[in-house]
Amino acid sequence: DGGITQSPKYLFRKEGQNVTLSCEQNLNHDAMYWYRQDPGQGLRLIYYSQIVNDFQKGDIAEGYSVSREKKESFPLTVTSAQKNPTAFYLCASSPGGLGANVLTFGAGSRLTVL
Amino acid sequence: GNSVTQMEGPVTLSEEAFLTINCTYTATGYPSLFWYVQYPGEGLQLLLKATKADDKGSNKGFEATYRKETTSFHLEKGSVQVSDSAVYFCALSDGGSGGYQKVTFGTGTKLQVIP
């Protein structure tokens, strides 16, 4: 079955460490996204990518970095510059054309800073 | 900019009760409207959508009608089940076709259905 795989599901980080969250999709979707979810705040867009080797900052990109070297993969690095990284991170994708606004989500990765 | 406002939760209902979760939006142009559902510990899933005024989206007994005159997209279900317990997100996207269309989410409404 096609879908989005995020790993790890749970991740613990010490302050000052960078961590990378994996996101892989086999839906052949052009666009991929990273969202951050905090209680009571809904979803906020971190980065998005419409095509390979291109990505754009979302609303809260500071302290995060991404790459899009393959269509299937869009990893997110949470750097030590992110002041409050504890959150639930969701990766999503969407096809091009008329379906570009319908998002398919992964199951999420929960990051906790110790 | 675009925005989505949802009723605050949690909403607690008994099984077989009628559900309404209110959603209103602010947007320029002609956005598409969505309801997504998130079950505990999971990502979001598309529940239903509507792309133009007066469209009704429906799925799994849930319905929502795109009301341009009141800028609303309220979610309804006639008889909820325990398995409907989840967080529901209203969302909108810019109009147009292809390319990047920013999706704006509401803050989510938690629904608890008790037997």
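The values are calculated or read from the model by the stated rules, or taken from the named source; none is laboratory data. Remember, it's a predicted structure, so these values are computed and weren't measured experimentally. Note: ideal-geometry Cβ built from the backbone for every residue, glycine included; neighbour counts use all protein chains shown. Heads up: the accessible areas ignore ligands, DNA and RNA and are worked out on the full protein's heavy atoms, side chains in. Shrake-Rupley method; radii C 1.70, N 1.55, O 1.52, S 1.80 Å.
The GNM of chain A, with springs linking C-alpha atoms under 10 angstrom apart, assigns the highest mean-square fluctuation among A:G40, A:G63, A:G16 to A:G40.
Note on the protein assembly as shown: Kirkwood hydrodynamic radius from all Cα pairs is 18.1 Å, rounded to one decimal.
Distance between the pseudo-spin-label points of A:I60 and A:S80 (7 Å out from Cα toward the beta carbon): 2.3 nm. Structure note, pairs B:K49/B:K77; A:K14/A:K83; A:K57/B:K110: Cα-Cα distances above 18 angstrom occur for A:K57/B:K110. Other residues with beta-carbon under 14 Å from the beta-carbon of B:T109 carry, at +1 per Lys or Arg and -1 per Asp or Glu, a net charge of -1.
In loop segments of segment B:27-92 as defined by DSSP, the GluC sites (Glu not before Pro) with at most 10 further C-beta atoms inside 10 Å of their C-beta are B:E69.
Using a Gaussian network model of chain A in which every pair of alpha carbons under 10 angstrom is joined by a spring, one finds that among A:A92, A:A61, A:A81 the greatest mean-square fluctuation is at A:A81.
Hey, can you grab everything whose amide H is under 5 Å from the amide H of A:Y47? Only 5+ residues off in sequence or another chain; H modelled, so Pro and N-termini drop out. Here A:W34, A:G58 satisfy the definition. Averaging the sequence gap over all C-alpha pairs within less than 8 Å and six or more residues apart, then dividing by the number of residues, gives segment A:60-108 a relative contact order of 26 percent.
When only alpha carbons of segment B:1-106 are considered, Rg and Dmax amount to 13.6, 43 Å. Note on A:I4: accessible area approximately 20 square angstrom, rounded to 10, probe 1.4 Å, nucleic acids and ligands left out. Using a probe of 1.4 Å on the protein chains alone, the accessible area found for B:H74 is around 60 Å².
Distance between the pseudo-spin-label points of B:F18 and B:N59 (7 Å out from Cα toward the beta carbon): 2.5 nm.
Length available on full extension from A:F12 to A:T112: 0.36 nm per residue minus the Cα-Cα distance, which gives 35.5 nm. GNM on chain B, alpha-carbon springs under 10 angstrom: the most fluctuating residue among B:T104, B:T12, B:T65 is B:T12. Only alpha carbons enter this Debye calculation for segment A:1-108, each as an equal point scatterer, and the log10 of I(q)/I(0) it gives at q = 0.23 Å⁻¹ is -1.35.
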